[in-house]
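The values are calculated or read from the model by the stated rules, or taken from the named source; none is laboratory data. Since the structure is predicted, the reported quantities are computational estimates derived from the model, not experimental observations. Counting neighbours? That spans all protein chains shown, and the Cβs are built from the backbone with ideal geometry, glycine included. Side chains included, ligands, DNA and RNA excluded: accessible areas come from the protein's heavy atoms. Shrake-Rupley method; radii C 1.70, N 1.55, O 1.52, S 1.80 Å.
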Amino acid sequence: MSMENGIAVEQRISHVEAIVEQFPEVAGLQVYEYFRNNAQAQKDEFIDRDKEQLDLEYPDLTYDAVASLKDPMLESLTTLMQKGSTDKSKALYSTIEYRYSELFMMDLSKVMNSKETREEDRDEARIWFKSSNEGLYGKPEANIFSALARKKILSLLKAKEDDDQLVQSMRSDLDTLIGEVEDTDYETFTPSEELVSRIGTLVHERFNPLVDHINPEKEYTAVEIAEVLQTAVDKIGAAEMGWQVKIVPNSSAMAVSAHQKQVEVGENRPNINGLELRGKIIHEVGVHTGRSINAERAGWLSAAYGLDGYLDFEESFATALEDAYKDKFSNHGENYYLVAGLAYGLDNHEPRNFREVYEIMWRTNVLSNKKGLNDETVKKAQSSAFTTCLRMFRGTDTSQQGIVYLKDLAYFKGQELAWGFLKNIEDQEDFDIAFTGKLDPTQPDHLDIAKKILKTKK
């Protein structure tokens with residue numbers, strides 16, 4: 001046991017870990033959980049244009065919510081900075097420091113959405129919200145946006161012989177709404193079929209026992225999804241560590257909250273085919289939940305909740321395994337990237353707000369649909385565009401131009417990172433390093449922690 005000034009380092013660190021255990025959000029804050037809002041109740045009015053802009057309320061985004069986390073975060077950081085010197089303490093410091101930056105951004109969101117705050121203060125908060133967002137998650141790059149816009153929007157503007165008048169009109173509308181997209185040499189990443197198939201074999205070998213209770217031919221409702229999720233949580237031993245499955249009101253998402261030890265299913269989640277659901281279980285339970293409980297079992301709370309800089313790999317690793325299981329690669333997060341780029345005006349256009357981006361995205365969705373233009377495809381396209389845009393405009397009042405929540409850029413940004421890692425995986429032993437915690441094994445300091453966790457398990 002190492003000593004400093006007569007006090008055991010382990011004893012000092014246990015004090016910080018006690019704070020983290022008492023306030024899990026100190027190291028595991030998920031800002032988006034505070035961005036839940038009443039948008040779904042306004043969806044139909046917005047789509048029908050009875051409401052031009054959303055009037056969002058964020059009931060969980062309160063002064064008390066920020067204040068209750070600020071002091072324990074600062075106490076933890078101060079203690080670690082003054083006394084911590086072990087690998088665990090350094091990792092925990094970086095993790096909490098990152099979360100404190102997110103807490104600052106969350107506080108800015110509270111200010112800029114407060115109708116009781118002076119407009120000049122709200123304007124200043126908007127500037128800082130955008131800046132801190134970019135610092136935490138990165139901002140959309142013009143060359144990547146241009147490549148995606150050319151692939152997914154400009155390709156739809158070319159007239160076809162069988163276009164009827166409605167389709168012609170929609171192409172014309174989209175052409176008017178989109179700005180000038182620059183040429184680019186950037187090419188989006190695609191893994192080889194051999195790589196997807198090879199990793200798929202390893203994924204099946206590793207996770208078939210986790211998902212074999214799911215009938216691939218069956219359609220599952222939200223309630224049934226929660227039931228099979230609970231079975232999966234039980235199978236990996238997460239339930240005995242306090243994890244539970246929760247159905248979330250006014251939501252259609254499936255998500256994992258490590259600090260709350262919850263796997264969440266939105267009550268409005270559409271029915272899902274069993275084969276696709278198996279992939280989702282691998283994503284949410286096999287990766288997000290599994291990586292967290294493995295780190296907690298090894299005593300690494302920083303890796304249980306997410307090391308600083310883990311996000312791009314975490315999300316893309318989960319989607320990569322989901323794709324490999326189904327033996328079909330999909331480009332994830334392209335629409336999120338498009339929404340961000342359109343909001344920023346990267347098509348040589350003025351920045352846009354929620355309504356302006358939505359009008360482009362739903363027309364893009366319709367014209368991309370091979371079933372053609374009809375009432376059903378339009379309705380689905382509008383609903384999908386609304387949901388996609390809402391994810392990127394969470395935490396804002398949606399009326400301001402160029403201000404979005406950039407966290408979901410990770411789905412696209414990390415794909416090449418995750419598949420680059422998977423390229424070197426030959427067997428389950430190679431695979432183990434990626435399941436040690438919520439970390440990025442392509443980063444040397446994260447890899448070092450992963451190796452220590454593996455050594456602990458052995």
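Quick notes on this structure:
- Förster radius 41 Å - calculated FRET efficiency between Asn250 and Glu21, Cβ distance, rounded to 0.05: 0.85
- Relative contact order of the chain: 18 percent, from C-alpha pairs under 8 Å at least 6 residues apart in sequence.
- Cut-off 11 Å between beta-carbons: net charge of the residues surrounding Thr388, Lys and Arg +1, Asp and Glu -1: -1
- Probe 1.4 Å, accessible area per residue of the stretch 38-148, Å²: 51
- Taking the protein heavy atoms of the chain in the context of the full set of protein chains, the accessible area attributed to carbon and sulfur is 46 percent at 1.4 Å.
- The aspartates and glutamates within cross-link reach of Lys151, meaning a Cα-to-Cα straight distance under 13 Å and a gap of 8 or more places when in the same chain, are Glu182, Asp183, Asp185, Glu187, Glu334.
- Rule-of-thumb Rg ratio for the stretch 220-349 [Cα; 2.2 N^0.38 Å; N residues]: 1.15
- Report note on the peptides 120-131, 352-363: ranked by the mean count of other C-beta atoms within 10 Å, highest first, their order is 352-363, 120-131.
- From phi via Karplus (6.51, -1.76, 1.60), per-residue ³J(HN,Hα) for the stretch 313-326 in Hz, x at Gly/Pro: 5, 3, 5, 6, 5, 5, 5, 5, 5, 4, 5, 4, 4, 8
- Zone of Asp175's modelled label, taken as backbone nitrogen in the stretch 127-157 under 12 Å from a point 7 Å along Cα→Cβ: 156-157
- Restriction of the chymotrypsin sites (Phe, Trp or Tyr not before Pro) in the stretch 131-205 to DSSP coil positions whose beta-carbon has at most 15 other beta-carbons within 10 angstrom yields Tyr186, Phe189.
- Residues in the stretch 289-309 reached by a label modelled at Thr442 [backbone nitrogen below 17 Å; 7 Å Cα→Cβ]: 307-309
- Charge dipole (debye, nearest 20) of the stretch 57-130; +1 at Cβ of Lys and Arg, -1 at Cβ of Asp and Glu: 360
- Entry note: the stretch 135-257 has Rg to Rh equal to 1.12, where both radii use alpha-carbon atoms and Rh is the Kirkwood radius.
- Of the GluC sites (Glu not before Pro) in the stretch 397-458, those whose Cβ has at most 10 other Cβ within 10 Å and which sit in DSSP loop: Glu426
- Net length gained if the chain between Ser399 and Asp185 were fully extended (0.36 nm per residue, minus Cα distance): 73.7 nm
- Rounded to the nearest 20, the size of the Cβ-charge dipole of the stretch 143-213 about its Cα centre is 240 debye, with Lys and Arg at +1 and Asp and Glu at -1.
- Per-residue [θ]222 nm for the chain (sum of -39500 (n - 2.57) over DSSP H runs n ≥ 4, rounded to 500): -18000 deg cm²/dmol
- Amide N proximity, the stretch 366-404 versus Ser155 label position 7 Å along Cα-to-Cβ, cut-off under 16 Å: 366-371
- Spacing of the two label points (7 Å from each Cα toward its C-beta) at Arg118 and Arg355, in nm: 2.9
- The residues of the stretch 239-347 have, on average, 29 Å² of accessible surface per residue, using a 1.4 Å probe with all protein chains present.
- The charge dipole of the chain, taken about its Cα centre with unit charges on the Cβ of Lys, Arg, Asp and Glu (plus for the first two, minus for the last two), comes to roughly 720 debye.
- Over all Cα atoms in the chain, the spread is summed up by Rg and Dmax: 22.8, 83 Å.
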